[in-house]
Protein chains: 2
Amino acid sequence: MRIGIFDSGIGGLTVHRELARALPGHDLIYLGDTARVPYGTRSPETVIRYSFAVASYLAESGAEAVVIACNTATTHALPALEAAGHAAGIKVFGVVEPGVDAAVAAHHTGAIAVLGTEGTIRGQAYQKALAKRLPAASVAAVPCPLLVPLAEEGWLTGEVPTAVAERYLGHLRGTIDTAILGCTHYPLFKPVIAEVLPGVTLVDSAESTAHAVRDALGPGTGLGGQRFVVTDHIDRFQRVGEQFLGARPDPVDWVDVGPPRGVFALD
Amino acid sequence: MRIGIFDSGIGGLTVHRELARALPGHDLIYLGDTARVPYGTRSPETVIRYSFAVASYLAESGAEAVVIACNTATTHALPALEAAGHAAGIKVFGVVEPGVDAAVAAHHTGAIAVLGTEGTIRGQAYQKALAKRLPAASVAAVPCPLLVPLAEEGWLTGEVPTAVAERYLGHLRGTIDTAILGCTHYPLFKPVIAEVLPGVTLVDSAESTAHAVRDALGPGTGLGGQRFVVTDHIDRFQRVGEQFLGARPDPVDWVDVGPPRGVFALD
C-alpha cells in the first residue's frame, strides 16, 4: 500500500521515521508543506484549507491512507479529512489519539501536561481526549511556540534551549508525572526537557502513532519505497531534516500542491 | 495619496509607525501576510510570488505607491516590483537602500555588520549595496533567524533573548562600529543587542526608509487615514502588533489576497 504522510514542514519526519520502522512493507510518500510552515500559529480555517490541499495532492499521487504527522493539523482538520477520505476508501490517521493512549498507559497520578504549539493547545484536541479517557485527570496545557524555530535552527542543547524550556516549563516541576510532547518537533528536545522536568515520563506520539497505523494496516508486504516532496527549498529540507529523520532525506522533489480538489475538495 | 505597505507579518509595523510620523498627510494601508509568515526562510521564487500577490491586492485597493516593509521581500522582489509598478505609475520603495545610506553616514572605520534573516543574508542585497557605496568596507553578514519568532512571542528582554543575541553576535564584539538591523523585527531588540555589542551604532532602517519616502512623495495634504489588513488571525495581529506599532492596530480586516494579477501579474 502507498501511505501519504504530511506535516507543515520538517517535524513530521520524526513520525515518518517511526512509520518506516513499524511498517517496512508499505511505500511512504512524505510531503512537507515548507512554503507555508508553520501551521502552529495559524487560524483553524487556514490550517484546514492547507491540509485539504496537501491531502488532495497525496490522493492524486496514489496514497490509499494518509497520516497527518502534525499535531496542529490533526487538531483542526482530522475529523473533516476523515469524513472526506472515508467516502473514497482512504483511511486518515492523526497523532493526537495515539499520544493520549500512551499517556493514559504511562501516568500514575493523573497529573499530565500537554506541550504543543499555540494552535494545538487552543484547539483543545488533547485536553478533550484526555478528559474523555481520564475524567479525573488534572491537565496542564502549555504552548511552547519557540521550540519549533529552535529545532529548525538546530539548537537542540546548550544555554538557549535550556533557558527556553525553563521559561515555558519550570513552573510544572514537581506538579506532573507525565508530559505529552504534542508537537512533532519536540522529541528533539527530550534531553533538555528531561533536565527541566526530572522524573517526568515524556510521551513521544511519533512512536505510538506508528503502532496505531500498523495495527490498522498491517506491516505490509512490499519493498518499503520512500519519497519526499516539499513545497519550498529542497536543500534546506535535506540539511535540517537529517536530524529529524536520522538520515538525509533523499530523493526530495519540489511540488506545487495546488488547491483542495477531488476527494478532498472543500465546499 | 494612498500608500500601500506590506510585510510578511507584524514586523513591518515598525516601518508603518515611522511612515505615519514622517508622512502625516497620506493615507496608509498596511497588509501583513500573516498566513504565509515568515518570508525569511523561504526561497527567492516563493517570496517573489507572495510579494506580487500582495502588491496586486494593494494596487486594486487604490495604492499609488508601495513600500516593501520587509527586508527579505526587498532583497528578492524589489527590482521586479519596481519594474512592474513603473509601467503603471506606481512607485515602489524598499528598506535596504535607506538602511545602507544610514550606515554609510554613521560608520567611522568601515567595519559594518548586517544582521538579517537567512533569506536577506543569502540574497546579498545589503552586501552588494555596501560594496558599491563603500568599496573598502569590511562587512560581516550574520543571519539571526530566531529573533523573528522571539519578537512575535514578545520575549524582548531577559535571559532568553540575551543568550540568543550572544550566540549570534558575541563573536562580533570589538570588531565592528556599526550594525544594520536588517529585519523589521530587530529594532525591538535594540537594548539587548546594545548590551552584547557595546559602543556599536545600531542602524534602524524603518526611520531612514520613512525619510526616503517623504523625500520622494512629500508629507501629503490629507488627513492621514490608516487601515490594516491581514491574511490570517486578526486577534493575534492586534495583540502582538501593539509593541511594534506603539498602539493597538485598529481597525484590522481579514483578506484573501488572491494570485498575482493586473499590474503585478507574473508571467
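The values are calculated or read from the model by the stated rules, or taken from the named source; none is laboratory data. Being a predicted model, the structure only gives us computed values, none of them experimental. Because the Cβ atoms are built from the backbone with ideal geometry, glycine has one as well, and the counts that use them run over all protein chains shown.
Tell me which residues, restricted to the stretch B:23-63, are among the aromatic types (Phe, Trp, Tyr) and more than 14 Å from chain A (Cβ to nearest Cβ). Those that are among the aromatic types (Phe, Trp, Tyr) and more than 14 Å from chain A (Cβ to nearest Cβ): B:TYR30, B:PHE52, B:TYR57. Annotation: of all residues in the stretch A:151-178 being in contact with a helix residue (DSSP H, G or I) (Cβ under 7 Å, 6 or more places away or on another chain), modelled with pLDDT of 95 or more and of a type in the set (A, V, I, L, M, F, W, C), the one that is surrounded by the most Cβ atoms within 10 Å (Cβ to Cβ) is A:VAL164.
Which is in contact with a helix residue (DSSP H, G or I) (Cβ under 7 Å, 6 or more places away or on another chain) and buried (at least 20 other Cβ atoms within 10 Å of the Cβ), of A:SER51, A:SER43?
Working: A:SER43 fails: in contact with a helix residue (DSSP H, G or I) (Cβ under 7 Å, 6 or more places away or on another chain).
Among A:SER51, A:SER43, only A:SER51 is in contact with a helix residue (DSSP H, G or I) (Cβ under 7 Å, 6 or more places away or on another chain) and buried (at least 20 other Cβ atoms within 10 Å of the Cβ).
Taken over the stretch A:105-127, the criterion of being over 27 Å from B:GLU152 (Cβ atoms) and part of a helix (DSSP H, G or I) is satisfied by A:ALA105, A:ALA106.
Considering the stretch B:107-150 alone, what residues qualify as being more than 14 Å from every other protein chain (Cβ to nearest Cβ), under 30 Å from A:PRO143 (Cα atoms) and modelled with pLDDT of 95 or more? Walk me through how you get there before you give the answer.
At the first step, the residues of the stretch B:107-150 found to be more than 14 Å from every other protein chain (Cβ to nearest Cβ) are B:107-116, B:120, B:124-141.
Imposing the further condition that a residue be under 30 Å from A:PRO143 (Cα atoms) reduces the set to B:115-116, B:120.
If the condition is that a residue be more than 14 Å from every other protein chain (Cβ to nearest Cβ), under 30 Å from A:PRO143 (Cα atoms) and modelled with pLDDT of 95 or more, then B:LEU115, B:GLY116 are the ones that fit.
With respect to the conditions (1) in contact with a His (Cβ under 8 Å, 6 or more places away or on another chain); (2) closer than 19 Å to B:TYR39 by Cβ, A:PRO44 falls short on a single one, namely (2).
Among the residues examined, B:SER43 does not qualify as at pLDDT 95 or above and small (Gly, Ala, Ser). Filtering the stretch B:179-196 to residues that are in contact with a helix residue (DSSP H, G or I) (Cβ under 6 Å, 6 or more places away or on another chain), away from chain A (no Cβ under 14 Å) and among the aliphatic types (A, V, I, L, M) leaves B:ILE180, B:LEU181, B:LEU188, B:ILE193. With respect to being touching a Leu at 6+ places or on another chain (Cβ under 7 Å), part of a helix (DSSP H, G or I) and among the polar types (S, T, N, Q), A:SER56 falls outside the description. Suppose the filter is within 17 Å of the chain's Cα centre (by Cα), more than 14 Å from chain A (Cβ to nearest Cβ), surrounded by 24 or more Cβ atoms within 10 Å (Cβ to Cβ) and among the β-branched types (Val, Ile, Thr); does B:ILE5 pass it? Taking the combined requirement at face value, the residue satisfies it.
Considering only the stretch A:9-58, how many residues are closer than 23 Å to A:ASP267 by Cβ and not aliphatic (A, V, I, L, M)? Residues meeting the conditions: 14.
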